[in-house]
Amino acid sequence: MSIFATKSIEQIEAEQIGRGEGALKRVLGPTQLVMLGVGAIIGTGIFVLTGQAAAAHAGPAIVLSMVLAGVASVLAALCYSEFAASVPVAGSAYTYAYATLGEFIAWVIGWDLILEYALGAATVAVGWSGNFVTLLRQLGVSFPAALSGAPGTSVVMTAGVAETAVFNVPAVAITVAVTALLIIGVRESASVNAVIVVLKIALLLIVIGAGAMFIDPANWHPFIPPNTGTFGEYGWSGVLRGAGVIFFAYIGFDAVSTSAQEARNPQRDMPRGILGSLAICTVLFVLVSGVMVGIAPYQRMLNEPAPLVVAIDAAATRAAGTPWQHPMEIVKVLITVGALAALSSVMVVMMLAQPRIFLAMSRDGLLPAWAGRVHPRFKTPHISTIVTGIAVALAAGLTPIGTLGSLVSIGTLMAFVIVSIGIIVLRRTRPDLPRPFRMPLVPLLPSLSALVALALMLGLPRATWERLVIWMALGLGVYFVYGYRRSRLRIADRRLQIAD
């Protein structure tokens with residue numbers, strides 16, 4: 001049997017939508033799905049990486065980078081919506097690839113999604129740590145620099161003295177807490193996430209409203225700083241690279257599709273959850289990024305773990321001696337507290353998604369059986385959730401946020417390319433498949449989606465590509481050593497050949 005053998009949609013649904021101990025609870029409605037999407041999207045991208053992308057790549061034109069990344073996300077979201085409505089099972093892009101492009105491509109994308117969800121959660125954990133240390137500093141408490149960053153990271157203390165970190169303890173602590181919550185149950189996780197989502201939307205509206213009063217238009221000029229002579233350092237190439245880096249801000253809407261097997265009415269509600277959450281966040285992101293670089297010079301955002309706090313701090317300084325002085329001081333603390341809550345909800349959704357990818361791969365025989373076990377009481381994939389938590393904690397404790405963010409972006413963009421191609425293939429191979437949601441203008445829009453995602457990948461640094469190649473080479477080794485021989489599709493085919 002070819003490594004590109006596919007499974008029919010009907011077979012995938014029959015295998016995954018089971019009953020008994022291995023079944024997942026269908027407890028999520030449309031509002032909860034939108035909340036899950038918003039919970040995953042509004043996080044490290046806007047609270048941490050936006051400032052870094054502006055300072056190192058795009059300058060004030062980070063607004064254009066946001067728009068470009070948003071366009072790529074909308075195109076991919078349309079593809080995900082059709083798949084999620086037509087194939088309402090766990091596994092997201094992995095399952096879609098198995099149904100359209102074959103087992104080998106499915107494995108590649110499943111392995112690739114570890115970069116998005118597990119390393120994505122680790123990136124968020126590092127961002128959470130930076131905001132936590134900032135909050136303690138605002139409250140007059142000093143956290144040990146050696147325990148607040150990845151090994152070799154330079155951490156600036158309150159007195160302005162830089163110290164070298166050896167391990168990121170707060171990042172590990174929040175990872176352990178989120179892992180425990182996810183083991184208890186998806187309904188509880190979704191409820192906690194919904195409360196936090198309301199808080200962080202309110203927070204971003206406060207940033208937009210309060211910050212807009214203290215914008216200095218001079219900070220927007222030049223809007224596109226001249227290129228330094230190096231690709232990706234300002235100019236239009238900087239806008240492109242900024243979009244690739246800040247693309248991390250939009251990651252999350254596709255995590256909604258991993259919960260299709262826990263949605264009450266997936267055919268109707270999955271597209272609503274995916275597209276609704278993305279629409280809300282795109283508008284907020286463009287406004288927030290524009291206000292942020294309007295309040296404070298973009299150069300001040302370089303290597304800042306909490307750039308929105310830097311912007312509001314500049315606004316508070318400008319408000320000194322006015323009736324807004326004290327309210328802006330309060331807003332500064334609220335921003336930091338809200339960022340901690342926001343980042344926590346992102347971790348919940350990303351660490352909710354990763355075990356469900358493992359579950360789908362395990363049920364296909366490509367991963368060991370433990371990855372597909374569901375807790376008899378909580379009805380969650382508890383073992384794979386614990387394994388995910390351990391991996392996220394190690395990555396968060398030992399890796400700088402810049403390295404993690406770029407890897408997550410390139411991994412997600414690669415998934416988007418494959419999903420976009422998969423829509424075109426599925427339309428040709430299964431024109432009869434019921435499609436409660438249909439992506440318009442096929443094959444034009446899916447092709448455009450793949451090309452835009454590929455262009456953003458090409459804008460990322462060479463080192464990120466090298467890490468991707470190493471990661472995928474490791475994944476191929478695992479597939480041919482274990483997955484190829486244990487594949488249930490392949491085993492079933494061998495049995496049929498023996499019977500014949």
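Which value, in Å² rounded to 10, gives the accessible area of Met35 with a 1.4 Å probe and all protein chains present? About 40 Å², rounded to the nearest 10. Using a cutoff of 8 angstrom between alpha carbon atoms and counting only pairs six or more residues apart, the relative contact order for the chain works out to 32 percent.
May I ask you to rank Trp128, Trp324 by accessible area, largest first, using a 1.4 Å probe over the protein chains only?
Numbers: Trp128 35, Trp324 120 Å².
Reading off the accessible areas and sorting them downward yields Trp324, Trp128.
To the nearest 10, the accessible area of Glu10 is 100 Å² with a 1.4 Å probe.
Rolling a 1.4 Å probe across all protein chains gives Asp432 an accessible area of roughly 110 Å². A simple charge model with +1 on the Cβ of Lys and Arg, -1 on the Cβ of Asp and Glu and nothing else charged puts the dipole of region 402-500 at about 300 debye relative to its Cα centre. Per-atom-type breakdown for the chain gives carbon and sulfur 68% of the accessible area (1.4 Å probe, protein chains only).
Please compute the per residue accessible area over the chain with all protein chains in place, 1.4 Å probe, rounded to a whole number of Å². All intermediate terms of the calculation are to be shown ahead of the outcome.
Numbers: 18320 Å² over 500 residues.
That works out to 37 Å² for each residue.
Per the helix-only calculation at 222 nm, which mean residue ellipticity applies to the chain, given -39500 (n - 2.57) for every DSSP H run of n ≥ 4 and division by its residues, nearest 500 deg cm²/dmol?
Working: 17 runs with 319 residues, N = 500.
It lands at -21500 deg cm²/dmol.
Put a plus charge on the Cβ of each Lys and Arg, a minus charge on the Cβ of each Asp and Glu, and nothing anywhere else: the dipole of region 363-450 about its Cα centre is then about 380 debye.
With every protein chain kept in the model, how would you rank Asp112, Asp216 by accessible area, 1.4 Å probe, largest at the top? Please report the intermediate quantities before stating the final value.
On the way: Asp112 0, Asp216 60 Å².
Of Asp112, Asp216, the descending order of accessible area is Asp216, Asp112.
Taking the Cα of Asp432, stepping 7 Å toward and past its beta carbon, and measuring to each backbone N in region 99-138: which are under 19 Å? Residues 99-100 qualify, since their backbone N sits under 19 Å from the label point.
If the only charges are +1 at each Lys and Arg Cβ and -1 at each Asp and Glu Cβ, what is the size of the charge dipole of the chain around the Cα centre, to the nearest 20 debye?
Numbers: 32 positive and 23 negative charges, 212 e Å.
Roughly 1020 debye for the chain.
Would you count, across the chain, every pair of lysines whose alpha carbons are under 28 angstrom apart, provided the pair is eight or more residues apart or spans two chains? Before the final figure, lay out each step's value.
Numbers: Lys7/Lys25; Lys7/Lys379; Lys25/Lys200; Lys25/Lys379; Lys200/Lys332.
Lysine pairs, 8 or more places apart or on different chains, close enough: 5.
Specify the angular offset, from 0 to 90 degrees and rounded to the nearest 10, of the alpha carbon long axis of helix 169-184 from the longest principal axis of the alpha carbons in the chain. Result, in degrees: 40.
What's the local net charge at Leu433, with K and R +1, D and E -1, over the other residues with C-beta under 12 Å away? Don't skip to the answer; put the middle values down first.
Details: positive: Arg427, Arg428, Arg430, Arg435, Arg438; negative: Glu10, Glu13, Glu82, Asp432.
Result for the neighbourhood of Leu433: +1.
In this rough spin-label picture, where each label sits 7 Å from Cα along the Cβ direction, the Ile491-His326 distance is 7.0 nm. Which net charge results when you count Lys and Arg as +1 and Asp and Glu as -1 among the other residues whose beta-carbon is under 15 Å from that of Val469? Neighbourhood net charge equals 0.
The angle between the Cα long axis of helix 307-318 and the longest principal axis of the Cα atoms of the chain comes to about 20 degrees, rounded to the nearest 10.
Values [x] 39, 23, 21; [y] 34, 27, 21; [z] 42, 28, 19 are given for comparison; semi-axes √(5λ) of the Cα gyration tensor in Å, derived from the coordinates here, is the one labelled [x].
Of Thr464, Thr317, the residue with the largest accessible area leads and the full order is Thr317, Thr464 (1.4 Å probe). Any chance you could check the Cα centroid distance between region 407-459 and region 484-500 for me, in angstrom? Here the answer is 31 Å between Cα centres. For region 429-500, what does the alpha-carbon gyration tensor say about shape, rounded, prolate or oblate, given a ≥ b ≥ c as the root eigenvalues, a/c under 1.5 as rounded, and a/b over b/c as prolate? Because a/c hits 1.5 or more and a/b fails to exceed b/c, region 429-500 counts as oblate.
The values are calculated or read from the model by the stated rules, or taken from the named source; none is laboratory data. Since this is a predicted model, take the numbers as computed values, not measurements. In this analysis, Cβ positions are derived from the backbone assuming ideal geometry, glycine residues included, and neighbour counts consider all displayed protein chains. These accessible areas exclude ligands, DNA and RNA; they are computed on the full protein's heavy atoms, side chains included. Shrake-Rupley method; radii C 1.70, N 1.55, O 1.52, S 1.80 Å.
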